[in-house]
1. Does any residue of segment 60-78 turn out to be surrounded by fewer than 15 Cβ atoms within 10 Å (Cβ to Cβ) and either at pLDDT 90 or above or farther than 23 Å from residue 5 by Cα (or both)?
2. Looking at this structure, is residue 85 in contact with an Asp or Glu (Cβ under 6 Å, 6 or more places away or on another chain) and of a type outside the set (A, V, I, L, M, F, W, C)?
3. Among the residues of segment 55-111, write down those that are farther than 16 Å from residue 39 by Cβ, out of contact with any helix residue (DSSP H, G or I) (no Cβ under 6 Å at 6 or more places or on another chain) and assigned to a helix (DSSP H, G or I).
4. Which condition number does residue 39 fail, the rest of (1) on the phi < 0 side of the Ramachandran plot; (2) at pLDDT below 90 being met?
5. Here's a check for you: in segment 50-64, which residue that is free of Cβ contacts under 8 Å to residues at least 24 places away in the same chain and out of contact with any Pro (no Cβ under 6 Å at 6 or more places or on another chain) is nearest to residue 27 (Cα to Cα)?
6. Scan (1) assigned to a loop (DSSP other than H, G, I, E, B); (2) crowded, with 16+ Cβ neighbours inside 10 Å for the single condition residue 46 breaks and write down its number.
Amino acid sequence: MLADSFIKYYSPELSDYCPAVIRADGNIFDSSLGHLQTLVSLSNEHDILSKIPKDVSPLLYLAAQLKCVIVDYENQIYVDSMTSEQEAALDALEKAGLISSHRVRMSHESVKL
């Protein structure tokens, strides 16, 4: 869902922690059950984890492959670059007080892709 809808309907359970994944188109997906599970679901490949090299972080690998931003309250992790739609979604989450801005760029080299 787009940022405005996510902000309207999101209600943190026990803390201000806002686990989410943002696709390249700016759509935000709640990741309360885990970022990795959300990314696997977004991949539409039930066996995608078996395709990830053993020496690579599955979370970062999928974030890079799917061009997604991983969001929690304190950090927003992405590989190489973000789209303007992802930037706008992060700005909206920050403005709503759901996250603090701390964007962490990972390079393809550091993720071993």
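1. Taking segment 60-78 as the starting set, the residues that turn out to be surrounded by fewer than 15 Cβ atoms within 10 Å (Cβ to Cβ) are 74-75.
If we keep only those that are either at pLDDT 90 or above or farther than 23 Å from residue 5 by Cα (or both) too, we end up with none.
Looking for residues that are surrounded by fewer than 15 Cβ atoms within 10 Å (Cβ to Cβ) and either at pLDDT 90 or above or farther than 23 Å from residue 5 by Cα (or both), one finds none in segment 60-78, hence no.
2. Numbers: in contact with an Asp or Glu (Cβ under 6 Å, 6 or more places away or on another chain): yes; of a type outside the set (A, V, I, L, M, F, W, C): yes.
Taking the combined requirement at face value, the residue satisfies it.
3. 84, 85, 87, 88, 90, 91, 93, 94, 95, 108, 109, 110, listed by residue number.
4. Only one criterion is unmet by residue 39, namely (2).
5. So the first thing to find is which residues in segment 50-64 are free of Cβ contacts under 8 Å to residues at least 24 places away in the same chain, and the list is 50-52, 54, 58.
Filter again for out of contact with any Pro (no Cβ under 6 Å at 6 or more places or on another chain), leaving 50-51, 54, 58.
Values: 50: 26, 51: 25, 54: 29, 58: 21 Å.
For segment 50-64, the residue satisfying everything is 58.
6. Residue 46 satisfies all of (1) assigned to a loop (DSSP other than H, G, I, E, B); (2) crowded, with 16+ Cβ neighbours inside 10 Å except (2).
The values are calculated or read from the model by the stated rules, or taken from the named source; none is laboratory data. Everything numeric here is computed off the predicted structure, so don't read it as measured data. We place every Cβ from the backbone using ideal geometry, glycine too, and count neighbours over all the protein chains shown.
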